[in-house]
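K.L.:
One structure, as structure tokens, below. Some questions next.
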Amino acid sequence: METRHYIRFCIYLLVGSSFIWLPGSCLLDDSLSTSSQVADSPNSNSNSRSDNIFSPTKKFVVQSYYDRYTKLIDSDFGSFLSQEVTLGSCDMLPGNHDFVLRLSVLKRDLIGEGSHRRVSTLIKFQTQQSKYLPKLVSSSCEFIIIERLPSGVFADPFELQRLVQRGVFNEIAVFGDTNLELPSFLSNRSAVEIHLDVDPNILLQPTDINIELPLHARYQPLNESGYSTVEFGAPDILMRCSTKENMETHNCIFKLTNDDADLYDAGIVWRIPSGKVAHAYLVSTVTFIAALSSTLVIVFSSLYYTKSSVGKDLKLS
């Protein structure tokens, strides 16, 4: 009886695989890749807005963004950084503190080939003399680098956590669409937030940091050229410092702009291999034949096993 049910299951599998892999049934075009970019308005609900007000003591900046928005949209994120994060979040530098630390050089590069590459970022800083500099030197500081990934590219959270365990980064987290299996036309954008501890004494002299972020390409829509192109913007670079005075903790977080920096390939481009439309029918046909052949092998093997078992039972009886 169990063998009969197993054979029936194999036949259902044969029919199902024939339907799924029917030549031409898996053709997809760019029209399926469009999705509406809907985000919660910051003014849509005053109560929820007050509950999700950014605090410089929160561990991850991007988490505060996703507490209020459903998707990563550059205009919303830019407004969030300028209006919520850096504006009024510094209580130990009451004046204009943007001149304390200046971004002097930003250089970007793509390392590797194919669908698994690393984004290299070289950042050089230059300190400006200020009466607030001694306060920063006596503080506990960290750099926060936010990489807003383009559509079609993702970071593996498990791979990044191994880098944290090896001491490459202090803290790192991925926000947004973290489903690693979705193709690009069914996924949303994501962001990676990297934390690096900083010795405040380095603020007394020019310094630089170099990071490499491993990234992976999602399956791309069919394309005539065989490649899809994604472009990276410059990362968001912030600095957060905290100090204790009179048993109270004072926090400061501000964004470093690249207005006066020397930029080298800040907007890098990644050409990701993709399937060609001209090859779609051939690939579908070969896949269909392979699935059908595998299913038939399973069915015939089951029938042969059943006959062998019946023959042995008859001999024993």
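K.L.:
Which residues' amide hydrogens lie under 5 Å from the amide hydrogen of Y227, considering only partners 5 or more residues apart or on another chain, with H built in the peptide plane?
P.N.:
Sorted by chain and number, the residues that satisfy this are S274.
K.L.:
Related question: Would you mind getting the accessible area per residue of the stretch 100-236, heavy atoms of the protein chains only, 1.4 Å probe, in Å²? Numbers along the way, then the final one.
P.N.:
Numbers: 6210 Å² over 137 residues.
Averaged over the residues of the stretch 100-236, the accessible area is 45 Å².
K.L.:
Continuing with this model, one more query. Output the peptides 205-216, 60-71, 293-304 sorted from most to least packed, where packing is the average of other Cβ atoms within 10 Å over each peptide's residues.
P.N.:
60-71, 205-216, 293-304
K.L.:
With labels modelled as points extended 7 Å from the Cα through the Cβ direction, what inter-label distance (nm, one decimal) is found for I209 paired with L163?
P.N.:
1.2 nm
K.L.:
Moving to a separate point now. Under a plain spin-label model, where a point goes 7 Å from the Cα along Cα-to-Cβ, how far apart in nm are N179 and Y305?
P.N.:
Going by the 7 Å Cα→Cβ label model, 3.4 nm.
K.L.:
Suppose each label sits 7 Å from its Cα in the direction of the beta carbon; what would the S79-I111 distance come out to in nanometres?
P.N.:
3.8 nm
The values are calculated or read from the model by the stated rules, or taken from the named source; none is laboratory data. Here the structure is a predicted model, which means the values were calculated and not measured. Heads up, the Cβs are rebuilt from the backbone with ideal geometry, glycines too, and the neighbour counts pull from every protein chain shown. For the accessible areas, the whole protein counts, side chains as well, though only heavy atoms, and no ligand, DNA or RNA atoms are used. Shrake-Rupley method; radii C 1.70, N 1.55, O 1.52, S 1.80 Å.
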